[in-house]
Every structure is written in structure tokens, then in C-alpha cells.
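Chemist: There's a structure below that I have some questions on.
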Amino acid sequence: MIDLNTATADEFDGVEGLRGHGFEIVRYREERGRFTSLRQLDEVPGLAGKTDGVGAQVSVEPG
């Protein structure tokens, strides 16, 4: 399980459904701040509607 708020681009690229989008996820997090829910992944450019099923491998830890 990886945390949206601490994972690296390489870690994201290792998750089925997020592969190839690690850089965009990290950039989104750096520009907009911490993720508060998994639903925010749909706001990352290129991921809208493609994140179903990643909840088993990705979490948002309270920070």
C-alpha cells in the first residue's frame, strides 16, 4: 500500500492503473498540496475516469 502524499513517481508507476502517470501525480501534489481523498486522482491530468480499482494499492494517510 502506498500513500498518495508520500509516494514517488516510480512507486506510482508500479501501480496498475497509474502506470505512466507518476510524474503527473507528484507534480499535482507539489502544485496543489496534499491529497485528502482518492477521488482527487481524477483531477490529475490524464487520469480522469481511469482510477477505478487503485484503492486496493493506494491510500491517503492523514497528515
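Taken together, the values in this text are just the output of simple stated rules run on the coordinates, not laboratory data. Everything quoted here is computed from the prediction, not taken from an experiment. Neighbour counts are summed over all protein chains in view; Cβ atoms, including those assigned to glycine, are modelled from backbone coordinates with ideal geometry.
Chemist: For segment 1-50, which residues satisfy the criterion of being among the hydrophobic types (A, V, I, L, M, F, W, C) and outside any loop (DSSP other than H, G, I, E, B)?
Modeler: Ile2, Ala9, Phe12, Phe23, Ile25, Val26, Leu38, Leu41, listed by residue number.
Chemist: How do the pairs read when you match residues in segment 2-23 that are at positive phi and touching a residue at least 24 places away in the same chain (Cβ under 8 Å) with residues anywhere that are surrounded by 14 or more Cβ atoms within 10 Å (Cβ to Cβ) and outside any helix (DSSP H, G or I), using Cβ under 7 Å and keeping only pairs 6 or more apart or on different chains?
Modeler: From residues that are at positive phi and touching a residue at least 24 places away in the same chain (Cβ under 8 Å), the pairs are Gly17/Lys50; Gly17/Thr51.
Chemist: If I filter segment 24-46 down to residues being in contact (Cβ under 8 Å) with a residue 24 or more places away in the chain and among the charged types (D, E, K, R), which single residue comes out as surrounded by the most Cβ atoms within 10 Å (Cβ to Cβ)?
Modeler: If we take residues in segment 24-46 being in contact (Cβ under 8 Å) with a residue 24 or more places away in the chain and among the charged types (D, E, K, R), then Arg29 is surrounded by the most Cβ atoms within 10 Å (Cβ to Cβ).
Chemist: Further, regarding this structure: Got at least one residue in segment 48-55 being of a type in the set (Ser, Thr, Tyr) and under 15 Å from Ile2 (Cβ atoms)?
Modeler: Taking every residue of segment 48-55 in turn, at least one turns out to be of a type in the set (Ser, Thr, Tyr) and under 15 Å from Ile2 (Cβ atoms).
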